[in-house]
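Enquirer: To start, I am sharing the structure in question, which I have written as structure tokens.
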Protein chains: 2
Amino acid sequence: MSKKATVLVRLKSEVLDPQGDAVKRALARQGFSGVVSVRIGKLIEIELEDSAASAGLTEKLQKMSDELLANPVIEDYEVLV
Amino acid sequence: MSKKATVLVRLKSEVLDPQGDAVKRALARQGFSGVVSVRIGKLIEIELEDSAASAGLTEKLQKMSDELLANPVIEDYEVLV
């Protein structure tokens, strides 16, 4: 058996998101009106062995996020276990 | 006022994810053991005007996803409103 966890990585609100802006414009061109903003982040799904997913799982995933999954200068992350 | 909605876009399980595999190997190099798999998708957060977010919001977001936000050949999406 294994355990699944999710890390959501979002650009900080003060950081521009040109990819999101491009999608917003594309939606308007496709006829979808009323879109105020689009922000695009990452959905990271991690499957862990049970032995690795025991105590301190949230802390472990936070450490992974700080060190590798997110860039703390421009991104925030949220760990869901 | 406006309404926020989220679309999660994931690669279909039968589609290879080289980016996720690279992250998995990088985690192992950093000393995080017991990671079985890493899959990376997109977290799309859409802010809509209230007028655009009334009836049929889920259907509208599904249409956006089918036409633009996801590639239905290789990706699945999930709409959260």
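The values are calculated or read from the model by the stated rules, or taken from the named source; none is laboratory data. A quick note: this is a predicted structure, and the numbers were derived from the prediction, not measured. Positions of Cβ are backbone-derived with ideal geometry, glycine not excepted, and every protein chain shown enters the neighbour counts. Heads up: the accessible areas ignore ligands, DNA and RNA and are worked out on the full protein's heavy atoms, side chains in. Shrake-Rupley method; radii C 1.70, N 1.55, O 1.52, S 1.80 Å.
Enquirer: Which trypsin sites (Lys or Arg not before Pro) in chain A sit in a loop by DSSP (not H, G, I, E or B) and have at most 15 other Cβ atoms within 10 Å of their own Cβ?
Expert: When the trypsin sites (Lys or Arg not before Pro) of chain A are filtered for loop state and at most 15 Cβ neighbours within 10 Å, A:K12 remain.
Enquirer: Which of A:G41, A:G31, A:G20 moves the most in a Gaussian network model of chain A with Cα springs under 10 Å?
Expert: Among A:G41, A:G31, A:G20, the largest GNM mean-square fluctuation belongs to A:G31.
Enquirer: If you count only protein heavy atoms with a 1.4 Å probe, what accessible area per residue comes out for the protein assembly as shown, rounded to a whole Å²?
Expert: Here the per-residue accessible area is 55 Å².
Enquirer: Run the reach check for B:K3 against aspartates and glutamates, Cα to Cα strictly under 18 Å, same-chain hits fewer than 8 apart removed. What comes back?
Expert: Excluding near neighbours in sequence, the set is A:D21, B:E45, B:E47, B:E49, B:D50, B:E59, B:E78.
Enquirer: By how many nm would the segment from A:V73 to A:V15 grow when fully extended, if each residue of separation counts as 0.36 nm and the alpha-carbon distance is taken off?
Expert: 19.9 nm
Enquirer: Taking the Cα centre as origin and putting +1 on Lys and Arg beta-carbons and -1 on Asp and Glu beta-carbons, what dipole magnitude results for the stretch B:2-80, to the nearest 20 debye?
Expert: Here the size comes out at about 460 debye.
Enquirer: Axis carrying A onto B: which residue of A has the nearest Cβ, and how far, whole Å?
Expert: Output: A:L43, 2.
Enquirer: Of the GluC sites (Glu not before Pro) in chain A, which ones lie in a loop per DSSP and count no more than 16 other C-beta atoms within 10 Å?
Expert: Passing both the DSSP loop test and the Cβ count: A:E14.
Enquirer: Mean separation of Cα pairs under 8 Å and 6+ residues apart, divided by the residue count of chain B: what relative contact order is that in percent?
Expert: 51
Enquirer: Put a label point 7 Å from Cα along the Cβ direction on B:L57, then list its distances to the equivalent points in the other copies in nm, shortest first.
Expert: Nearest first, the other copies' label points are 3.0 nm away.
Enquirer: For chain A, with a Gaussian network of springs between Cα atoms less than 10 Å apart, report the residue from A:Q62, A:Q30, A:Q19 with the top mean-square fluctuation.
Expert: A:Q30
Enquirer: Return the equivalent ellipsoid semi-axes of chain A as a descending list in whole Å, where each equals the square root of 5 times an eigenvalue of the C-alpha gyration tensor.
Expert: For chain A, the ellipsoid semi-axes come out as 33, 15, 8 Å.
Enquirer: Between the label point of B:D76 and that of the same position in each other copy, find the distances and list them shortest first in nm, with every label point placed 7 Å from Cα along the Cα-to-C-beta direction.
Expert: Reported distances to equivalent positions: 2.9 nm.
Enquirer: Quick check for you: which residues of the stretch A:9-32 have the amide N under 16 Å from the point 7 Å beyond the Cα of B:S2 toward its beta carbon?
Expert: The answer is A:11-29, A:32.
Enquirer: Okay, moving on. One decimal, nm, shortest first: give the distances between the label point of B:R25 and those of the same position in the other copies, each label point 7 Å from Cα along Cα→Cβ.
Expert: Nearest first, the other copies' label points are 3.6 nm away.
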